[in-house]
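**Q** First, the structure itself, so that you have it in front of you.
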Amino acid sequence: MDSARLTLNGNEFDLPTLVGEEGEVGIDIAKLRGASGAITLDPGYGNTGSCRSAITFVDGEKGILRYRGITIDDLCENASFEEVAYLLIHGELPSDSALTGFTSALAANSDLPEGMAAMIGAFPKDGHPMGILAAMTAALSTFYPDADPDANLDGCVAGLMGRVMSIAALSYRKQKGLGALPDLDPNASYAANFLRLSHAENGKDYTPSKVLEHALDMLLIVHADHEQNCSTSSVRMVGSSQANIFASMTGGICGLWGPLHGGANQAVLEMLEDIQSNGGDCSKYMELVKDKESGVRLMGFGHRVYKNFDPRATIMKKACDEVLGELGVTDPLLDIARKLEQIALDDDYFVQRKLYPNVDFYSGIVYRAMGIPTDMFTVMFALGRMPGWLAHWNELRAEGGRIHRPRQIYTGYQARPYVAMADRG
């Protein structure tokens, strides 16, 4: 297929086409407005390719997710989060020495600059951790104005990932009434160090179990990237203005914050709490979900992209079972979650509509079991997504190109005169 033909007002325009590595077809409309005077309208950009990217491939119909060509299942089975981060950013898996250097850099660049802990302490105790994370990530630009990814990409990446981990951990400690951050273990994994920094009680050491460490590692990996979603597109949009690395990542954090994106796993827990407060009758709730007139929504089931199953959910279900088995947690909300899961898997209504539990459903349960507060869930998502954002930001920089500037279809008034105050009725 060489071109697509558009007929408009009796005129024909041939638009070039391109085919991706997995066979997807795109129609290049870059010159459409100049040639025809028309633009396309695609609310929400659901059918618009905003870029060419070699980072992540998603096939929602087949339930496929690959980072740099490697399936998410293969990576979760064999790789660490640090390996996946390196893969996303550099395009290839690291050698042993490269991985050691990258992991060491993460640990060496986790200390917060002087004064930042006091800034975090100045926020209200009940201030949302995502607000703190966004503000502090942007503030890093004032402490490191000379950060130069061209001269030291790995140093900038490690500085962001390491310090964002510390900001998140200190936000957690602030909520829990714990003190300053403890020292991290330079030989531990990123996941283990986050759990150590956040959970260690004042003056005491803390070493997470291997089950918890592995589960968090899986969560970070499955959240590491997901193609051109809202937050990643935000990173690219901000980055296209040549904004610095900190500002661009802050754009991603703010895009992730919403309940329709990174806040979805928080919405799952809020749904479970709502069911509990209304008597805990899961069967009744699921019947209300079936009733379109009820206005009741089922959170954490189905996915906009995945039309059959979310491949990340299969991975996280296993991790969820391991964590709950390890901890022996007794929690009414987790019992409710289990009942909802079973109803959805057994009831033809949900099976026929392919409303299977998605990654947000299981991630919320795992975080709950780990003792992570509900309003920290999206922060945890941001920790995992950071290397994906960094990979897309770096890919954008390598491409160069114009600042992103979508068009619009104007629906307001046509030209009209100013009306003096005395004449405004």
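Just so it is clear, none of the values below were taken in a lab; they were calculated from the coordinates. All figures in this text were calculated on a predicted structure; none of them were measured in a lab. FYI the Cβ positions are ideal-geometry reconstructions off the backbone, even for glycines, and counts take in every protein chain you see.
**Q** Modelled label-to-label distance, Asp423 and Asn47, 7 Å Cα→beta-carbon offset: nm?
**A** That separation, rounded to one decimal, is 4.5 nm.
**Q** Answer rounded, prolate or oblate for the stretch 136-290, using the Cα gyration tensor with square roots of eigenvalues a ≥ b ≥ c: rounded when a/c is under 1.5, else prolate when a/b is larger than b/c, else oblate. List each step's numbers first, then the result.
**A** Details: a/c = 2.22, a/b = 1.29, b/c = 1.72.
Note, shape of the stretch 136-290 comes out oblate.
**Q** Under a point spin-label approximation (7 Å from Cα along Cα-to-Cβ), what is the Glu21-Asp335 distance to one decimal in nm?
**A** 4.9 nm
**Q** Rank these for me by crowding, Trp257, Trp389, going from fewest to most other beta carbons within 10 Å.
**A** On the way: Trp257 22, Trp389 28.
Ordered by Cβ neighbours within 10 Å, fewest first: Trp257, Trp389.
**Q** What shape does the stretch 68-178 have by the C-alpha gyration tensor, where a ≥ b ≥ c are the square roots of the eigenvalues, rounded means a/c under 1.5, and otherwise prolate means a/b greater than b/c and oblate the rest?
**A** In terms of gyration-tensor shape, prolate.
**Q** Please give the calculated 222 nm ellipticity per residue for the chain, where each DSSP H segment of at least 4 residues contributes -39500 (n - 2.57) and the sum is spread over every residue; nearest 500 deg cm²/dmol?
**A** -16000 deg cm²/dmol
**Q** Per residue of the stretch 44-51, in order, report the coupling 6.51 cos²θ - 1.76 cosθ + 1.60 (Karplus, θ = phi - 60°) as ³J(HN,Hα) in whole Hz, putting x for Gly and Pro.
**A** x, 6, x, 10, 10, x, 8, 6
**Q** Right, something else. Test of understanding: ordering His226, His392 by Cβ neighbours within 10 Å, fewest first, what list do you get? Working shown, then result.
**A** Numbers: His226 20, His392 27.
Ascending Cβ contact count within 10 Å gives the list His226, His392.
**Q** If neighbour count is taken as other Cβ atoms inside 10 Å, put Glu270, Glu77 in order from fewest to most.
**A** Working: Glu270 15, Glu77 10.
In order of increasing Cβ crowding within 10 Å: Glu77, Glu270.
**Q** To one decimal place, what orientation-averaged projected area in nm² is obtained for the convex hull of the Cα set of the stretch 1-116?
**A** On the way: hull surface 50.2 nm².
Value for the stretch 1-116: 12.5 nm².
**Q** Just to check I understand the Karplus step: with θ = phi - 60° and J = 6.51 cos²θ - 1.76 cosθ + 1.60, what whole-Hz values come out for the stretch 291-304, glycine and proline as x?
**A** The phi angles translate into 7, 5, 7, 6, x, 7, 10, 9, 8, x, 10, x, 7, 4 Hz.
**Q** Something else now. So how much slack lies between Ser36 and Ser95, counting 0.36 nm per residue of separation and subtracting their Cα-Cα distance, in nm? Intermediate results must be reported in sequence, preceding the final value.
**A** Details: separation 59, 0.36 × 59 = 21.24 nm, distance 5.13 nm.
Stretched out fully, the Ser36 to Ser95 stretch lengthens by 16.1 nm.
**Q** Would you mind calculating the relative contact order of the chain from Cα pairs under 8 angstrom and at least 6 residues apart, reporting the percent as a whole number? Please list the in-between numbers first.
**A** On the way: 555 pairs, mean separation 82.7, N = 425.
Averaging sequence separation for qualifying contacts and normalising by length gives 19 percent for the chain.
**Q** A further question on this structure: Mind giving me the nanometre distance, one decimal, between the label points for His128 and Asp148, set 7 Å out from Cα along Cα→Cβ?
**A** About 3.8 nm separates the two model spin labels.
**Q** Separate question: Counting other Cβ atoms within 10 Å, keep those with at most 15, restrict to DSSP loop, and tell me which trypsin sites (Lys or Arg not before Pro) in the stretch 347-378 are left.
**A** Arg353, Lys354
**Q** While we're on this one: Would you kindly state how much longer the chain becomes between Ala4 and Asp274 on full extension, computed as 0.36 nm times their sequence separation minus their alpha carbon distance, in nm to one decimal?
**A** The span from Ala4 to Asp274 would gain 92.1 nm if fully extended.
**Q** Something else about it: Which of Lys290/Lys354; Lys210/Lys318; Lys62/Lys318; Lys318/Lys339 have a Cα-Cα distance over 19 Å? Display every interim value, and only then the final one.
**A** Numbers: Lys290/Lys354 14 Å; Lys210/Lys318 15 Å; Lys62/Lys318 21 Å; Lys318/Lys339 17 Å.
Exceeds cut-off: Lys62/Lys318.
**Q** Here are labelled values, (i) 36, 25, 22; (ii) 36, 29, 25; (iii) 39, 31, 20, and one is the computed semi-axes √(5λ) of the Cα gyration tensor in Å for what I pasted. Which one?
**A** (ii)
**Q** Would you kindly calculate the mean projected area, averaged across all directions, of the convex hull enclosing the Cα atoms of the stretch 264-370, in square nanometres? Please report the intermediate quantities before stating the final value.
**A** Numbers: hull surface 25.7 nm².
Answer in nm², one decimal: 6.4.
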